[in-house]
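Please read the structure below before turning to the comments.
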Amino acid sequence: MSVSDPIADFLNHLKTTYLVHKSFILTSYSRLKEEILKILQREGFIEYYSVVEEGGRKQLMVKLRYGEDGTSALTGVKKVSKPGTFVFVKKDKVPKVMQGYGIAIISTSKGLKTDEECRKEGLGGKVVCYVW
């Protein structure tokens, strides 16, 4: 089975895993997925991630984060740019997600950045997704 948008598939897998309260997910490796996970870990949406090799193939193992009362750290995710429909923003039009409670992940000339980092550094780029 071929996946037309592996990043959207990955984000959907992450969201649905939170909904069923699992602790870990294992997903195929890509550099873009790893960069997204670095941001999610830094922003507190996941506990940690690691790159593991299983059967000669790299995979990403992600430990999900829950509050003491069992609430998910990540409640929603929306893929913005899709194959064939890219959404670009200028440095002065960087979106705020959920009035600042969420983050936008933006692909810039200096790598993946959050919306806040883009505003501080004066960068625009392609909006990958929103996370809240």
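The values are calculated or read from the model by the stated rules, or taken from the named source; none is laboratory data. Everything numeric here is computed off the predicted structure, so don't read it as measured data. Virtual Cβ from ideal backbone geometry, glycine too; neighbours counted across all protein chains shown. The area values use the complete protein model at the heavy-atom level, side chains included, leaving out ligands, DNA and RNA. Shrake-Rupley method; radii C 1.70, N 1.55, O 1.52, S 1.80 Å.
Observations, loosely collected:
- Zone residues, segment 78-108, relative to ASN12, backbone N less than 20 Å from point 7 Å out along Cα-to-Cβ: 78-87, 105
- The peptide list 53-62, 102-111, put in order of mean Cβ contacts within 10 Å with the highest first, becomes 102-111, 53-62.
- Overall Cα dimensions of segment 21-86, principal axis frame, Å, largest first: 38, 35, 20
- Separation of the alpha carbons by more than 20 angstrom is noted, of LYS63/LYS110; LYS78/LYS113; LYS58/LYS110; LYS58/LYS113; LYS15/LYS90; LYS15/LYS82, for LYS63/LYS110; LYS58/LYS110; LYS58/LYS113; LYS15/LYS90.
- Over segment 91-132, equivalent-ellipsoid semi-axes from the Cα gyration tensor in Å: 15, 11, 8
- Per-residue packing, averaged as other Cβ atoms within 10 Å, sorts the ranges 115-126, 24-35 into the order 115-126, 24-35, beginning with the highest.
- Modelled FRET efficiency - R0 22 Å, LYS22 with MET98, Cβ distances, 0.05 increments: 0.35
- The mean of 1/r over all pairs of different alpha-carbon atoms in the chain, once inverted, gives a Kirkwood hydrodynamic radius of 15.4 Å.
- Magnitude of the charge dipole for segment 1-99, about its Cα centre and with charges confined to Cβ atoms of Lys, Arg (+1) and Asp, Glu (-1), is about 440 debye.
- Across the chain, the mean sequence separation of Cα contacts (distance under 8 Å, 6 or more residues apart), normalised by length, yields a relative contact order of 22 percent.
- Simple spin-label estimate for TYR29 and SER4 in nanometres, 7 Å along Cα-Cβ: 2.9
- Whole-number accessible area per residue in Å² for segment 1-44, which is evaluated in the context of all protein chains at 1.4 Å: 60
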